[in-house]
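The values are calculated or read from the model by the stated rules, or taken from the named source; none is laboratory data. In this text the structure is predicted, and so the values were computed from the model without any measurement. Every residue, glycine among them, receives a Cβ derived from its backbone with ideal geometry; neighbour counts consider all protein chains shown.
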Amino acid sequence: MWLERLTGEAVDLITLADAKDKLRIISPEGDDPELDAEVSRAIASASAALDVDQDGFGGLGFPLVAQQWRRYAATFDGQFLQLPFVRILSIDEIGYLDAEGVEMVVPAESYVLVGRGRGRSVELVSGSVWPSVANRPDAVRLKFTAGFETLEKVPEDLKAAARELVKFYYDCPLADAALGVPEQVQRGVDRLTRRYRAFAL
């Protein structure tokens, strides 16, 4: 089973002006392109640190601004039908290869998106059954959209977390993302983002 991101990517969660205000940068004599580039890099690093990567890992555990994904598996089992992210906006299509290898689509009226706590899964409606599929690892494909609908709908406390990370990445432009951020910074980010994570049931 694996994921493929189809559309969308990490976006800047805060504006250049917002970040400069957080950093207390004042440019009385006009814009400074080099300074703006440094701040923009910090914004990009902070935003990416909170978002999932192209394989669906990291960050807060879900895409922040609407992204479309496709999940592949060999069968319509429970693990496949349990969606990998919170913040599911829609199930866009469930496709499969039938026993003869022909691409087919499961009728949308045959299933529903259901939630248990923060988890989301796909379940059949009464009287429907999942079809038989070809014997191959990518026989079933589930296309869905996850994240907040727009950047404007990303909650303010998540943007506040981005501001905290901007300050760190601006002060430490060569920081190794793989090593994480200092514990004090991480505690602040965790406090601001805890209720949005999958485990905050």
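Right, ASP92: among the charged types (D, E, K, R), more than 22 Å from the chain's Cα centre (by Cα) and within 21 Å of LEU3 (Cβ to Cβ) or not?
Numbers: among the charged types (D, E, K, R): yes; more than 22 Å from the chain's Cα centre (by Cα): no; within 21 Å of LEU3 (Cβ to Cβ): yes.
In short, no.
Kindly indicate which of GLU38, GLU9, GLU34 is in contact with a helix residue (DSSP H, G or I) (Cβ under 7 Å, 6 or more places away or on another chain) and assigned by TED's automatic domain parsing to the domain that holds ARG163. Before you say what the answer is, go through the steps one by one.
Values: GLU9 fails: in contact with a helix residue (DSSP H, G or I) (Cβ under 7 Å, 6 or more places away or on another chain); GLU34 fails: in contact with a helix residue (DSSP H, G or I) (Cβ under 7 Å, 6 or more places away or on another chain).
The unique qualifying residue is GLU38.
Tell me, which residue of the range 1-26 that is part of a loop (DSSP other than H, G, I, E, B) and closer than 30 Å to TYR96 by Cα is modelled with the highest pLDDT? Reasoning before the result, please.
Pass one, the range 1-26, residues part of a loop (DSSP other than H, G, I, E, B): 1, 8-15, 23-26.
From what is left, the residues that are closer than 30 Å to TYR96 by Cα are 1, 8-10.
Values: MET1: 91, GLY8: 88, GLU9: 84, ALA10: 82.
Restricting to residues being part of a loop (DSSP other than H, G, I, E, B) and closer than 30 Å to TYR96 by Cα, the top hit is MET1.
Say we look at the range 27-56 and pick out the residues that are among the polar types (S, T, N, Q) and outside any helix (DSSP H, G or I); which of these is surrounded by the most Cβ atoms within 10 Å (Cβ to Cβ)? Can you show your working first?
The first filter runs over the range 27-56 and keeps only residues among the polar types (S, T, N, Q), leaving 27, 40, 45, 47, 54.
Narrowing the set further to residues that are outside any helix (DSSP H, G or I) leaves 27, 54.
Details: SER27: 10, GLN54: 12.
In this case the residue turns out to be GLN54.
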Just to be sure, is GLY59 surrounded by fewer than 19 Cβ atoms within 10 Å (Cβ to Cβ) and touching a helix residue (DSSP H, G or I) at 6+ places or on another chain (Cβ under 6 Å)? yes
Pick from the range 112-124 the residues that are over 16 Å from GLN79 (Cβ atoms) and not aliphatic (A, V, I, L, M): which of them is nearest to the chain's Cα centre (by Cα)? ARG118
Matching strands (runs of 3 or more DSSP E) fully within the range 85-168 where at least 2 residues are free of Cβ contacts under 8 Å to residues at least 24 places away in the same chain and surrounded by fewer than 16 Cβ atoms within 10 Å (Cβ to Cβ): 103-105, 111-116
Has the range 185-192 got at least one residue that is crowded, with 18+ Cβ neighbours inside 10 Å and over 30 Å from LEU23 (Cα atoms)? no
